[in-house]
Every structure is written in structure tokens, then in C-alpha cells.
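Working notes, beginning with the structure itself.
The values are calculated or read from the model by the stated rules, or taken from the named source; none is laboratory data. Keep in mind that what you see is a predicted model, and the values were worked out from it rather than measured. With ideal geometry, Cβ positions are generated from the backbone for all residues, glycine too; neighbour counts draw on all protein chains shown.
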Amino acid sequence: MRIFENTRFDFLSSFRKSYIISGILLLVSIISLIYPGLEAGIDFKGGTEFIISTDVPVPTSEVASVLGTATGEVFQAKEFGDDQTMLVRTAAEGDPDALEATVLSTIGEAFAGSNPELAGKSLVTPSIASDLKEKAIILVFGALFVILLYIFVRFDWRYALGAVLCLAHDVVIVLGLFALLHNITPFSLQIDQAIIAALLTIVGYSINDTVVVFDRIREYALLFKTEPYQQVANRAINTTLSRTILTSGTTLIAVLILFLIGGEVLKGFSLALLVGIGVGTYSSIFVASPIVVALREKYTPARRMVAASA
């Protein structure tokens with residue numbers, strides 16, 4: 001099945017507009033990462049999390065205050081999916097079973113008719129959290145380095161630079177969205193191991209799409225030697241457009257279904273994939289390709305002279 005066959009869209013003539021759009025998105029994302037910043041999950045911060053269900057809605061702001069007064073520790077509480085389920089989190093150390101009993105009894109006594117029940121619990125010690133954080137950072141930057149090396153070997157440094165900037169663009173925008181929304185959404189947008197897995201999936205998906213476009217640009221650059229690189233790149237993007245739309249579209253549909261019916265614990269993971277795949281599809285055309293064209297035209301002057309004299 002082929003759609004958008006034999007298209008002649010001039011994707012790269014308005015590359016300045018795409019740079020402005022990307023620049024605005026990156027600026028908002030970076031500001032969001034500075035303030036309010038990301039919310040580290042228990043995997044990377046350590047502590048104990050309880051998912052608690054109640055028979056009646058309970059104000060989470062009061063829950064955090066009541067638990068803090070009763071235990072002398074700092075608690076955070078937020079709705080988790082609906083107004084009768086909450087996520088309670090604390091960095092307090094000690095016996096997790098005793099802490100669980102204290103949390104449930106305190107909520108039950110403070111809020112009549114709530115009848116709190118434990119729906120889930122997670123515990124990570126600070127040392128394990130620090131180790132997981134370090135490994136996650138190494139994993140993400142290691143993946144980017146391997147991709148940079150792969151593109152450099154398969155193509156050249158200009159393609160490698162375009163690919164890595166494209167991937168950094170995608171990851172920063174996804175993280176910026178999480179920083180911007182984690183205090184707003186009714187589901188958790190904490191950065192945990194699942195989100196790191198989602199980021200690596202986005203990187204892999206985006207680079208696959210980018211490599212397909214790059215490969216066609218390189219192929220057409222050899223076939224149409226007298227054409228300017230911008231024209232060659234436009235031709236290449238148009239011939240891969242059908243594949244890009246079909247692949248991205250079907251994947252986005254599957255991830256959207258996961259987001260809608262996958263349960264609260266999968267909301268953050270599936271949202272990261274939704275945004276990342278969408279942004280990755282955009283960036284492979286409107287970010288990576290213009291960078292490669294600009295670099296090749298700047299550092300391959302002989303080709304421009306041939307094109308001008310043809």
C-alpha cells in the first residue's frame with residue numbers, strides 16, 4: 001500500500017520556519033526543565049510509594065499534611081487516575097510494613113468513611129536509587145554515542161551531526177513536556193526506569209526513520225550529481241514519505257490505544273512514546289535533513305559550482 005505517491009512537496013524551502021518552531025519548542029522545554037523541573041520517580045530518588053484506594057474522595061493536600069503531622073516526615077500525595085485513588089510518597093526510612101500500617105491507620109482516622117486499602121507499594125533505598133540513576137545516564141549517553149559512531153561510519157560526519165542533533169531535539173522536547181505537565185496530569189509523569197526505556201525506544205525509532213531518509217539522500221546525490229543538495233533532499237524525502245506516514249501512523253495508533261486503555265502505570269510510558277514518535281517523525285524531515293543539506297552545501301562547494309554551470 002502506498003499513499004502520497006509521486007509527491008513533489010518542497011519540504012526544505014521553509015527550513016527557517018521549521019527551525020523557529022523547533023527553537024520555540026526547545027526553549028519552552030529547557031525552561032520547563034529548569035522550573036518546575038522533572039519529578040524523579042522512586043527508582044531514582046529512593047523512598048517508599050503507596051497506591052491507596054478509598055471508598056470516598058479524599059483531598060490529597062490534606063492527606064500529605066495529616067501524614068506529616070502524625071509521623072514527623074515529609075509526604076507527597078496526589079490523585080492517581082481517579083479521585084478515590086491516590087499516590088502517597090515519602091523519603092522516610094525505616095520498616096516499610098510499619099510505615100504502611102501508619103499511613104493506612106492515619107488516613108482512616110483522619111477521614112471518616114474513607115476505609116483506605118493498599119493497592120500497591122514500591123520501596124527503593126537511596127543507594128540503589130543512586131546506582132540506578134547513574135546507570136540510566138550512562139545508558140542514554142552511551143546509546144547516543146553508539147548511534148553517532150554508526151552514522152559516522154555508514155555515512156559521514158555531517159550526517160552523524162544531523163542525526164545526533166535530531167535525537168537530542170526529540171529527547172529534550174519529551175522531557176520538557178514531562179517537566180511542564182507533571183503537576184497537572186491526574187496520572188504520574190515521574191521519571192523512572194519505564195520512562196528511560198521509552199526514551200531509548202524513541203531514540204531507536206527516530207534514528208531508524210532518519211537513516212531511511214539519509215540513505216535515500218545519499219543514493220539520489222549519486223544519481224543526480226548536477227542537482228543542488230536541497231533539491232536532492234526534497235526528492236528523497238518525497239519518495240520516503242509514504243513509508244514514513246504509514247509506519248509512524250500505525251505505531252501511533254497502537255501507542256494511543258495503549259495510552260487510553262493500558263492503565264495508570266502505563267500512562268507516562270505511552271505518553272512519552274506518543275510525543276516522541278510524533279516529534280521524531282517531524283524532526284527526521286524538518287530538522288535532520290536541513291542540517292545535512294546545509295553542512296553538505298557549505299563543505300562541498302564543488303558540487304554547487306557544477307550545479308550552477310549545468
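Evaluate the stretch 251-273: report whether one residue or more is part of a helix (DSSP H, G or I), at pLDDT 90 or above and under 24 Å from PHE155 (Cβ atoms).
Checked against the condition, which is being part of a helix (DSSP H, G or I), at pLDDT 90 or above and under 24 Å from PHE155 (Cβ atoms), the stretch 251-273 yields no hits at all.
Just wondering, is there one or more residues in the stretch 127-136 that are out of contact with any Gly (no Cβ under 7 Å at 6 or more places or on another chain), under 26 Å from VAL213 (Cβ atoms) and of a type in the set (Ser, Thr, Tyr)?
No: the stretch 127-136 contains no residue that is out of contact with any Gly (no Cβ under 7 Å at 6 or more places or on another chain), under 26 Å from VAL213 (Cβ atoms) and of a type in the set (Ser, Thr, Tyr).
Out of curiosity, is TYR205 touching a Lys or Arg at 6+ places or on another chain (Cβ under 8 Å) and either at pLDDT below 90 or part of a helix (DSSP H, G or I) (or both)? Even if it seems obvious, please write down each step before you answer.
Numbers: touching a Lys or Arg at 6+ places or on another chain (Cβ under 8 Å): no; either at pLDDT below 90 or part of a helix (DSSP H, G or I) (or both): yes.
Spelling it out, it is not the case that TYR205 is touching a Lys or Arg at 6+ places or on another chain (Cβ under 8 Å) and either at pLDDT below 90 or part of a helix (DSSP H, G or I) (or both).
Does VAL174 meet the test of being part of a helix (DSSP H, G or I), closer than 29 Å to LEU38 by Cα, among the aliphatic types (A, V, I, L, M) and in the same structural domain as GLY204 (by the TED database)? Walk me through it before giving the result.
Values: part of a helix (DSSP H, G or I): yes; closer than 29 Å to LEU38 by Cα: yes; among the aliphatic types (A, V, I, L, M): yes; in the same structural domain as GLY204 (by the TED database): yes.
Spelling it out, VAL174 is indeed part of a helix (DSSP H, G or I), closer than 29 Å to LEU38 by Cα, among the aliphatic types (A, V, I, L, M) and in the same structural domain as GLY204 (by the TED database).
Hey, can you tell me all the residues within the stretch 52-67 that are free of Cβ contacts under 8 Å to residues at least 60 places away in the same chain and closer than 15 Å to PRO186 by Cβ?
PRO57, VAL58, PRO59, THR60, SER61 - these are the residues of the stretch 52-67 that are free of Cβ contacts under 8 Å to residues at least 60 places away in the same chain and closer than 15 Å to PRO186 by Cβ.
Only one residue in GLU117, GLU79 is within 17 Å of THR60 (Cα to Cα), at pLDDT 90 or above and among the charged types (D, E, K, R), so which one is that?
Numbers: GLU79 fails: at pLDDT 90 or above.
Exactly one residue qualifies, and that residue is GLU117.
In the stretch 284-310, which residue that is surrounded by fewer than 18 Cβ atoms within 10 Å (Cβ to Cβ) and polar (S, T, N, Q) is modelled with the highest pLDDT?
By that ranking, first place goes to THR300.
Those residues that are surrounded by 14 or more Cβ atoms within 10 Å (Cβ to Cβ) and at pLDDT 85 or above, I need them from the stretch 1-20; list them, please.
PHE11, LEU12, SER18, TYR19
Return the residue satisfying two criteria in turn: it lies in the stretch 177-191 and is in contact with a strand residue (DSSP E or B) (Cβ under 8 Å, 6 or more places away or on another chain) and assigned to a loop (DSSP other than H, G, I, E, B), and of such residues it is farthest from LYS135 (Cα to Cα).
PRO186
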